[in-house]
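Undergrad: Take this structure first; my questions come after.
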Amino acid sequence: MTNNSDFEYKTFEIKTDSGTHPFDMVEVHAGSFMMGSDEFEESQPVHEVTINKNYYIAKYPVTQSLWTAIMGNNPSHFKGENRPVEKITSSDAKKFIKKLNDLYDDEDSKQFHLPTESQWEFAARAGEEGAKEKLKYAGSNRIKEVGWYDKNSNGATKPVGLKMPNQLGLYDMSGNVWEYCEDYYIENYHRHPKDGSALINDNRLLVVRGGSWDFNVFNCSVFFRIRYNHLNRDDDIGFRLSRY
């Protein structure tokens, strides 16, 4: 397993009445990559995306401890401070993010967001250099090294960070819980933005990425994408923070 000291993390601290709550993010540098895959119809066509600005993405999915510190409750089915929060809608996630932005005092103009679908895949593939390796999962071609899925999860989420990270030091991007993206779902990439921005329309279906503890190995691929009703609350969907 790769040691955490191999990666550069920036720690963000949120202060609430219950104390100071730190979490780490990784800066992903601007660059281009080939998004999608010929292996899955909804991830076609493979196309070049150019992300013009650096952004941060969280080392882990949002944990129950961080959620509870900000929101004062824990809706998750599988309880555990270091497990990903789940049983939340995308609106719940955005309420959390609004509170986080209100609490975080910084001089720059950046804000916390859900990652766009392009940001999510670019980070899972480990940026411009990492994407050239064309790994199937986030950090490896062997899912058991990096992710929790239906064959090894024993029917539940797991605490974050127990498997290997990808080359940027990001954990659990393949498996454990699906992760909300900012984008609304369309059936393929024919009308998808090529500048890394989110696709927004009046669809009630959102994009979720990464696979989860109760889905098969193929769903954990860095290119796999599915649609999800924004009103649903399931115990296999959480989210990860982006900042840009």
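The values are calculated or read from the model by the stated rules, or taken from the named source; none is laboratory data. Being a predicted model, the structure only gives us computed values, none of them experimental. Cβ: placed from backbone, ideal geometry, glycine included. Neighbour counts: every protein chain shown.
Undergrad: Is there a residue being of a type in the set (S, T, N, Q), closer than 23 Å to TYR56 by Cα and in contact with an Asp or Glu (Cβ under 6 Å, 6 or more places away or on another chain) anywhere in region 136-154?
TA: Step one: filter region 136-154 for residues of a type in the set (S, T, N, Q), giving 140-141, 152-154.
Checking the rest, the ones that are also closer than 23 Å to TYR56 by Cα come to 140.
Imposing the further condition that a residue be in contact with an Asp or Glu (Cβ under 6 Å, 6 or more places away or on another chain) reduces the set to none.
Checked against the condition, which is being of a type in the set (S, T, N, Q), closer than 23 Å to TYR56 by Cα and in contact with an Asp or Glu (Cβ under 6 Å, 6 or more places away or on another chain), region 136-154 yields no hits at all.
Undergrad: Another question, if that's okay. Any residue in region 173-184 that is surrounded by fewer than 24 Cβ atoms within 10 Å (Cβ to Cβ) and not in a strand (DSSP E or B)?
TA: First, the residues of region 173-184 that are surrounded by fewer than 24 Cβ atoms within 10 Å (Cβ to Cβ): 182, 184.
Remaining after also requiring not in a strand (DSSP E or B): none.
Taking every residue of region 173-184 in turn, none turns out to be surrounded by fewer than 24 Cβ atoms within 10 Å (Cβ to Cβ) and not in a strand (DSSP E or B).
Undergrad: Something else about it: Report yes if some residue within region 26-38 is β-branched (Val, Ile, Thr) and either modelled with pLDDT under 95 or under 20 Å from the mean Cα position of the chain (by Cα) (or both); otherwise report no.
TA: Yes, the conditions are met somewhere in region 26-38.
Undergrad: Moving on to the next point. Could you check region 193-213 and list, in sequence order, the residues that are surrounded by fewer than 19 Cβ atoms within 10 Å (Cβ to Cβ) and in contact (Cβ under 8 Å) with a residue 40 or more places away in the chain?
TA: If we filter region 193-213 for residues that are surrounded by fewer than 19 Cβ atoms within 10 Å (Cβ to Cβ), which is where we start, we get 193-195, 197-198, 200-205.
Selection gives PRO193, LYS194, ASP195, SER197, ALA198.
Undergrad: Now for a separate question. Please go through region 137-149 and pick out each residue that is crowded, with 16+ Cβ neighbours inside 10 Å, out of contact with any helix residue (DSSP H, G or I) (no Cβ under 8 Å at 6 or more places or on another chain) and part of a loop (DSSP other than H, G, I, E, B).
TA: The one that is crowded, with 16+ Cβ neighbours inside 10 Å, out of contact with any helix residue (DSSP H, G or I) (no Cβ under 8 Å at 6 or more places or on another chain) and part of a loop (DSSP other than H, G, I, E, B): TRP148.
Undergrad: Within the bounds of region 122-135, is there any residue that is farther than 19 Å from LYS59 by Cα and modelled with pLDDT under 95?
TA: Checked against the condition, which is being farther than 19 Å from LYS59 by Cα and modelled with pLDDT under 95, region 122-135 yields no hits at all.
Undergrad: Can you pull out the residues in region 209-236 that are in a strand (DSSP E or B) and out of contact with any helix residue (DSSP H, G or I) (no Cβ under 9 Å at 6 or more places or on another chain)?
TA: Step one: list which residues in region 209-236 are in a strand (DSSP E or B), which gives 209, 225-229.
Within region 209-236, ASN229 is the sole residue that qualifies.
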